[in-house]
1. Run the accessible area of the range 225-349 with a 1.4 Å probe and give the carbon-and-sulfur part as a rounded percent.
2. How large is the direction-averaged shadow of the alpha-carbon convex hull of the chain, in nm²?
3. Using alpha carbons only, how many degrees (0 to 90, rounded to 10) separate the axis of helix 148-158 from the longest principal axis of the chain?
4. Tabulate in residue order the Karplus-calculated ³J(HN,Hα) for the range 167-180, using 6.51 cos²θ - 1.76 cosθ + 1.60 with θ = phi - 60°, rounded to whole Hz; enter x for Gly and Pro.
5. Checking the cross-link filter: which aspartates and glutamates have an alpha carbon closer than 17 Å to that of K330, excluding same-chain neighbours under 8 positions apart?
6. Quick one: Debye curve from the alpha-carbon atoms of the range 219-349 only, equal weights, vacuum; give me log10 I(q)/I(0) at q = 0.10, 0.22 Å⁻¹ to two decimals.
7. For the pairs K326/K347; K42/K276; K99/K284; K204/K318; K129/K230, note any where the Cα-Cα span goes beyond 20 Å.
8. State the antiparallel share, in %, of DSSP beta bridges confined to the chain, rounding to the nearest 5.
Amino acid sequence: MANNASSQPPLTGQDPLAAMAHSEAHYFNSYNHHGIHEEMLKDEVRTRSYRDAIYQNRHLFKDKIVLDVGCGTGILSMFAVRAGAKHVVGVDMSTIIDKAKEIVEVNGMTSQITLIQGKMEEVKLPFDKVDIIVSEWMGYFLLYESMLDTVLYARDRYLNKDGLIFPDTATIHMAGIEDGDYKEEKIGCELWDNVWGFDYSPLKHTALSEPLVDTVDMKAVVTDPATVIKFDLYTVTADDLAFSMPFQLQARRNDFVHALIAWFDIEFAACHKPIKFSTGPHTKYTHWKQTVFYIPTVLTVTDGEYISGVLETKPNTKNRRDLDIKVTYKLETDDITRNAEGQAEYKMC
Ligand code: SAH
């Protein structure tokens, strides 16, 4: 998925149901435009991983009924047909599905792919059960946009016992980074203390409270990565997507830590030879980049020391597509002058 942190127009009126419907409409409308799909199709790491996972496993796809959850332009549905699927059903809420229909037709696959416009949770499928679910549901920080809920719904409602999910494993990792220059530029004290002669300090808090989706240079990473949480798509439930998990980051050099970053890895473990890709700073660019959480304190770490903390994430109660994230961190060393702890709350919306 490729949705940018949204910039929807403000709502007048405070009816929570209207607000929810508005945000849903905004979310799906954003997928109507072909530009967002172009970005995803051009994401080499993403699209090639799905292609390889499907093409290299013809023995799994041959003669199977496949459900493509959020099919967009139909790319995964067409991969599945090329891998020998008997029939593929693609479901998408947005109007991009009209383009998918044309694309499927010019590729001569109309009789093997049924495309349905609608919300996965509401449409009626031509099959009661399917053998395989394919879906590209991942948002920034993995969970932004909460589309995983939709895949879990499809799994529970349609997947055959012993059916397969592509991909089936997702893992969130974190690390600490040195980012003094950029932090100063972005949320630096001086910047907001005097804006055209006015005190703009209230914006300091806002700048800090939104995580930044950006590419992080591997050279900025000061700690070893740590795995925070792993989701097995066969067993995870929607409730598990609100979690509080401890982490420990070991410093790999003497440096400062200005921010913690998070990224995710994806695995297609059902493959004959497992296929994985990572969206971390150590590997090739993907449109998911990394997610940067600036922390209110600058930590001064020495090689080998640990920053311990807790990452807490839950869908926002008013708009479940937004995420409320809380990071707690602590540096405890033999040198009491460097010991520090703190916490920060962020909202991804
Ligand atoms: N599978 C395509 C598109 C992935 S983007 C590809 O790999 O290129 C995710 C798509 O899921 C978007 O087009 C969005 O409109 C759709 N989507 C998200 N939630 C949905 C839901 N609940 N029901 C139907 N479609 C949904």
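1. Roughly 51 percent of what the probe reaches on the range 225-349 is carbon or sulfur.
2. Its average projected convex-hull area is 19.5 nm².
3. 30 degrees
4. x, 10, 9, 9, 10, 9, 10, 9, 7, x, 10, 8, 8, x
5. Counting by Cα, and skipping residues close in sequence, K330 has these aspartates and glutamates nearby: E178, D224, D255, D303, E305, E312, E341, E345.
6. Ignoring solvent entirely, the Cα scatterers give -0.39, -1.43.
7. Pairs exceeding 20 Å: K99/K284; K204/K318; K129/K230.
8. 75 percent
The values are calculated or read from the model by the stated rules, or taken from the named source; none is laboratory data. Nothing here was measured: the structure is a model prediction, and the numbers come from that model. For neighbour counting, all protein chains shown are included, and Cβ atoms are generated from backbone atoms with ideal geometry for every residue, glycine included. For the accessible areas, the whole protein counts, side chains as well, though only heavy atoms, and no ligand, DNA or RNA atoms are used. Shrake-Rupley method; radii C 1.70, N 1.55, O 1.52, S 1.80 Å.
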